[in-house]
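Structure, as C-alpha cells:
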Amino acid sequence: MIVSKFGGTSVGTFQAMQKSAEIVSEDVDRSFIVISATSGTTNDLVALMSPELDSTAREAIIIRIKERHLSIIQKLGSPEKAEISFKEELTQLRQHLDQVARDKRWKDRLVSFGELMSTKIFIEVLKESGVDAEWIDAREILKTDSTFGNATPDRGMLKKNLQKRIETGKVYLTQGFIGSDVFGNTTTLGRGGSDFSAALFAEAINADLLEIWTDVAGIYSTDPRVVKAARPIKEITFDEAAELSVFGGKVLHPATLKPAIRGKIDVRVSSTSEPEKPGTLIVHESTEKPVVRALSLRKNQTLLTVRSLDMLHQYGFLAKLFQVLSDNKISVDLVSTSEVSVSLTLDTAVNASNKVELTIEVLEELREFCEVEIEKDYCLIALIGNSLTKTAGISGKLFNKLKDYNIRMVCHGASENNICFLANESDGESIVKLLHKEFIEL
C-alpha cells in the first residue's frame, strides 16, 4: 500500500489536478491519497484573520479564493456536486470569520477550509479519471490535543480509527494538515503539516511507501536557484534528509521524517510535472555514502551573545539562560560556549512565523543576570553528508576555502552528518557556490 501526498501546486489548477489524478490511477497500490489546500489558499485564509483588514479588503480575499476554486470546478465534466460542496464550505467560511476574533479555536477551523475545499473538488477529478475513491474527513480519524495551530497527534487513536475504516482494494482521499481534539474542535498541525499528516497516515496503516508529490523533481544537492549546477539526489538516508530539512532544505518538513523512521517506511519525493523522473528516495541505509551529499543555506539568522563572570566555574547559568528563552518560546539552533560567554543562533524567520521574538521584555529579563549583544543579517550554511566527524582533512579543506570570508560560529562534532557555520548573509550564496564546486561538482 502506498500513501501519496499531493502539495498545493499539484492541485492548484484543473490541469494540475488532472495530472495528479492520472498519477494516482497509474498504480493500484496508491490507495491512500492526502491533499493540501490549493496553492495560495492557506496564505489567503491566514490573511483573512488579520485585524487590520477592513471589510473591502476581506471581501477581495474571499472573492480570490472563490474564483480560484470555481475556475477548477467549471472545467469538470459534471461540476454540479463539487460546486454545491464548495458553496457550502464558502458559506461556512463567511459565517466563521466573525467568530475568529472572539475565540482562537475558530482560527484553525477557518484555515482548514483550504484542505476541505480542495479534497471535495479532487474527489470529482479522480472519479472522472476512473478512480472510485472514498472521501474521508481527516478530523474523524486524526485526533490531537487542543494546542490550536500546532497540535500534537494521538498516534494510537489514529491507528485504531484507520484499522476500523480502511479496506484492502479501495482508494481513500483525505486532507493533510488538519485534525480535531476530543471535543470535536478543528485543529491544525502547523505549517508543513500536510507532509506530517501523510507520514502519520503511512505509519498508521503500515504503508510500503510514502510518496510526496510536489513541484520539484526530488531533493537537490543545494538550492538550484543559487547554484545552477545543483544536481538531483537519487538516494539519501533519513539521517541526511533530517539534517537537510532542519538546516534549510524546503522540500520536506522536518517532522515528516519521524513517523516514516519509526515505521521503517521509505519516502519518495517526486514532481507531478515530471513524474517520469525518479525523484529522490529516502532510505534507512543507502548504497552510496559520499562524505558531502548536499549543502544548505538558511538566511535571516540572528546571533545572540551573552556574557557573565557568573559563568566562571559555576553551575546553573546555562539552565537559567535557556529557561528564559524557553518561557518565551524562542527557538535556538546552534550553541557555542566559552568560560564567560555563550553564543546562540536564532532563526529569525521561524521565530517570526511562530509569532515570538526577542522583545524588550525578554532582553531586560536576560540583562538581569548577563550582558547581551544581538547581531543580525547572518546566514547558516551546512554541509550534509556522512562520517564528517571521522573523515581526516575535511575541516582543513573546508576552512581553507573559507579563508577570505568572516566566519562567526562553527558547530562540528555533535553529528557525523553535518558541519555548520555562521557567515555574513551577504556572503551566503557566494560561499555555497564555492563549496558546491569544491565538494560536490567533482
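Potential lengthening of the chain between Gln163 and Met1 amounts to 57.0 nm, from the contour at 0.36 nm per residue minus the alpha-carbon distance.
Specify whether the C-alpha gyration tensor of the range 186-295 places it in the rounded, prolate or oblate class, a ≥ b ≥ c being the square roots of the eigenvalues: rounded for a/c under 1.5, otherwise prolate if a/b is larger than b/c and oblate if not. Verdict is prolate for the range 186-295.
Checking the Cα-Cα distances for Lys258/Lys390; Lys120/Lys258; Lys19/Lys127 against a 21 Å cut-off, the pairs over it are Lys258/Lys390; Lys120/Lys258.
Listing Trp213, Trp106 from fewest to most neighbouring C-beta atoms within 10 Å gives Trp106, Trp213. Here is how the number arises for the chain: DSSP H runs of 4 or more residues each give -39500 (n - 2.57), the sum is divided by the residue count, and the result at 222 nm is -11500 deg cm²/dmol. Quick check on the range 2-215: take the gyration tensor over C-alpha atoms, sort the square-rooted eigenvalues as a ≥ b ≥ c, and tell me if it's rounded (a/c under 1.5), prolate or oblate. Since a/c reaches 1.5 but b/c is at least a/b, the shape of the range 2-215 is classed as oblate.
Normalized C-alpha radius of gyration of the range 123-202, against 2.2 N^0.38 Å? Please list the in-between numbers first.
Working: Rg = 13.1 Å, N = 80, 2.2 N^0.38 = 11.6 Å.
Scaled against compact globular proteins, the figure is 1.12.
How high is the FRET efficiency between Glu80 and Lys264 when r is their beta carbon distance and R₀ equals 30 Å, given to the nearest 0.05? Rounded to the nearest 0.05, the efficiency is 0.10. For the range 259-391, the alpha carbon positions stretch 59, 36, 30 Å along the principal axes, listed from largest to smallest. Exposure proxy shown here: for His69, His253, His412, His284, the number of other Cβ atoms within 10 Å sets the order, fewest to most, as His284, His412, His253, His69. Put in line by how crowded their Cβ is, counting other Cβ atoms within 10 Å and starting with the fewest, Tyr315, Tyr172 read Tyr315, Tyr172. Our estimate of slack between His284 and Thr389, defined as 0.36 nm per intervening residue step minus the Cα-Cα distance, is 35.8 nm.
What number in nm² do you get for the chain if you take the convex hull of its Cα atoms and divide its surface by four? Intermediate values should be presented prior to the final figure.
On the way: hull surface 93.8 nm².
With the hull built on Cα positions only, its mean projection is 23.5 nm².
No lab work stands behind these numbers, since they all come straight from the coordinates. Just so it is clear, the model here is predicted, and its values are computed rather than measured. Note that we place each Cβ from the backbone using ideal geometry, even for glycine, and neighbour counts take in every protein chain shown.
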